[in-house]
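The values are calculated or read from the model by the stated rules, or taken from the named source; none is laboratory data. Computed from a predicted model, the values in this text were never measured in an experiment. Every residue, glycine as well, gets a Cβ built from its backbone with ideal geometry; the counts of neighbours run over all protein chains shown. Note: accessible area is taken over every heavy atom of the protein model, side chains too, but ligands, DNA and RNA are not part of it. Shrake-Rupley method; radii C 1.70, N 1.55, O 1.52, S 1.80 Å.
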Amino acid sequence: MPSDSKQPKKVVAYEYSVGNTSYLTEGGPISEISAYHINSRATRVWLVREIIPNSTPLAVKDEYRVLKDVWFDSGAKLEMDISNDIFGRLKESDNKNGTTDESEARDYFMKFEHDEFVGMDGTPDVSFELPKGY
């Protein structure tokens, strides 16, 4: 059957809601290699754009973001919390030693806008323990 070039191209996209903001994926994942391993965190990294609330038809903002979707085990710390711990310790050291390591180190770390556990009925959706051998 000949293709009709006037028909819009169908594209699969996913909507992620984080906090009070929704994002739409663009294209395939930037990375998903660990998503296919049973003993991994099933990490996928996406290029996304923020959805403009109440837009009809659906519209997105121009600025791109990176969204990381990870399956956590119970007791795991969010990456933003780990990052804040690192910067907090550097700041304490700077105050004690008169250095500026904390502000200089920020250029080498990802900036977080949101970081949260996905929940179901108010309970974080996490694994209770990692598979043996992980």
So is residue 43 of a type outside the set (A, V, I, L, M, F, W, C), at pLDDT 90 or above and open to solvent by less than 70 Å² (accessible area, probe 1.4 Å) or not?
no
Residues in segment 98-112 that are assigned to a helix (DSSP H, G or I) and either open to solvent by 50 Å² or more (accessible area, probe 1.4 Å) or at pLDDT below 90 (or both): how many?
6
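To keep it simple, each residue is scored yes or no on (1) more than 19 Å from residue 113 (Cα to Cα); (2) modelled with pLDDT of 85 or more; (3) open to solvent by less than 90 Å² (accessible area, probe 1.4 Å); (4) outside any loop (DSSP other than H, G, I, E, B).
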{"site": "2", "(1), (2), (3), (4)": "yes, no, no, no"}
{"site": "13", "(1), (2), (3), (4)": "yes, yes, yes, no"}
{"site": "34", "(1), (2), (3), (4)": "yes, no, yes, yes"}
{"site": "38", "(1), (2), (3), (4)": "yes, no, no, no"}
{"site": "49", "(1), (2), (3), (4)": "no, yes, yes, yes"}
{"site": "65", "(1), (2), (3), (4)": "no, yes, yes, yes"}
{"site": "75", "(1), (2), (3), (4)": "yes, no, yes, no"}
{"site": "85", "(1), (2), (3), (4)": "no, yes, yes, yes"}
Does residue 115 count as at pLDDT below 85, of a type in the set (D, E, K, R), under 25 Å from residue 23 (Cβ atoms) and open to solvent by 80 Å² or more (accessible area, probe 1.4 Å)?
no
Residues that are over 17 Å from residue 30 (Cα atoms) and touching a residue at least 24 places away in the same chain (Cβ under 8 Å), drawn from segment 54-70
58, 60
Looking for whichever is more than 21 Å from the chain's Cα centre (by Cα), at positive phi and modelled with pLDDT of 90 or more here; the options are 95, 54. Which one fits?
54
Quick check on my filter: what residues within segment 19-28 are modelled with pLDDT of 85 or more, open to solvent by less than 90 Å² (accessible area, probe 1.4 Å) and out of contact with any Ser or Thr (no Cβ under 9 Å at 6 or more places or on another chain)?
21, 22, 24, 25, 26, 27, 28
